[in-house]
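For reference, the structure is listed below as structure tokens.
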Amino acid sequence: MTDEQGAAQIADELRAGGVRTGGLLLVHSSLRALGPVPGGAATVIAALQQALGPDGTLLMPALSYATVTREQPYFDLAHTPSNVGLIAETFRTQRNVLRSLHPTHSVCGIGVAAAALLGMHGQDTTPCGPHSPFHLLPQHGGQILMLGCGLAPNTSFHAIEEQVVPPYLFGAPIAYQIVDKEGAHTVKQYLPHNFAGYAQRYERIGALLPAPALRTGRILAATMYVMDATALWAVALDALRRDPLAFVEQITPQSAPE
């Protein structure tokens, strides 16, 4: 199978699984889970773009929280790599791909709506604030694709959590050094996420989100989940407002009362 044949096969499977042609798609992915792919990550990206077509928009997280830390608070928009897998990192480096300005939770994108979704992220002071692509996705009728990585690593949950602000969410402020696309250096203070003592359990959404808002399919050797972002927000927000710990599990014992 050639790279082109592989991309065409994956694109067909994506459309059959519910990815909308001409739509807006945010992708979390694992290349390893797909099994052998001719052309590797580049083929998967080409397939995603084929499935969306010329009127679609493709987004991928370019998260850099593993290297841009409290101890090393430095982010360069053009050069800081992402830490969420080879597909996302390959996408980040491709020609004409845009990247939002955020030290730890940037997003990359290409397509008709990419600039509108990414361009205001630099105004936020939290990871997934009101100007972030994660927050804007449902307003634009977007979908989320979990490709071979299960339901757990869904960054959109952070944007939903920021609406409720459960007790585990934020840590102490950090002043980051940021280099923008023009090479200008600035220092900006952000309120980072914390999660100390809690493990994320975002996969619990699978039991709450009904079809067709959540669809399951196969891409090569991997399981994929396609979810409607608007429905996700409605269901998850309702769950969090009823129970702020609905999508986490406490992993350290609570302090005994005095």
### Summary
The residue from Ala172, Ala246, Ala221 that alone is modelled with pLDDT of 95 or more, crowded, with 17+ Cβ neighbours inside 10 Å and among the small types (Gly, Ala, Ser) is Ala246
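Check Gly148, Gly111, Gly122, Gly171 and return the single one that is over 16 Å from the mean Cα position of the chain (by Cα), closer than 30 Å to Ala207 by Cα and not hydroxyl-bearing (Ser, Thr, Tyr).
Selected residue: Gly171, the only one of Gly148, Gly111, Gly122, Gly171 that is over 16 Å from the mean Cα position of the chain (by Cα), closer than 30 Å to Ala207 by Cα and not hydroxyl-bearing (Ser, Thr, Tyr).
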### Query
Does Ala159 meet the test of being over 30 Å from Leu14 (Cβ atoms) and either of a type in the set (Gly, Ala, Ser) or touching a Cys at 6+ places or on another chain (Cβ under 7 Å) (or both)?
no
### Task
Could you check, for region 148-164, whether at least one of its residues is open to solvent by 40 Å² or more (accessible area, probe 1.4 Å) and over 29 Å from Thr57 (Cα atoms)?
no
### Query
Can you tell me which residues in region 68-78 are touching a residue at least 60 places away in the same chain (Cβ under 8 Å) and either out of contact with any Lys or Arg (no Cβ under 7 Å at 6 or more places or on another chain) or crowded, with 16+ Cβ neighbours inside 10 Å (or both)?
Val68, Arg70, Pro73, Tyr74, Phe75, Asp76, Leu77
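Would you pick out the residues in region 79-112 that are over 29 Å from Arg32 (Cα atoms) and surrounded by 17 or more Cβ atoms within 10 Å (Cβ to Cβ)?
Passing the criteria: none in range.
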### Task
Sort through Gly40, Gly23 and tell me the only one that's out of contact with any helix residue (DSSP H, G or I) (no Cβ under 7 Å at 6 or more places or on another chain), in contact (Cβ under 8 Å) with a residue 40 or more places away in the chain and either open to solvent by 10 Å² or more (accessible area, probe 1.4 Å) or acidic (Asp, Glu) (or both).
Gly40
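The values are calculated or read from the model by the stated rules, or taken from the named source; none is laboratory data. In this text, all values refer to a predicted model and were calculated from it rather than measured experimentally. Note that we place each Cβ from the backbone using ideal geometry, even for glycine, and neighbour counts take in every protein chain shown. Accessible surface areas use protein heavy atoms only, side chains included; no ligands, DNA or RNA. Shrake-Rupley method; radii C 1.70, N 1.55, O 1.52, S 1.80 Å.
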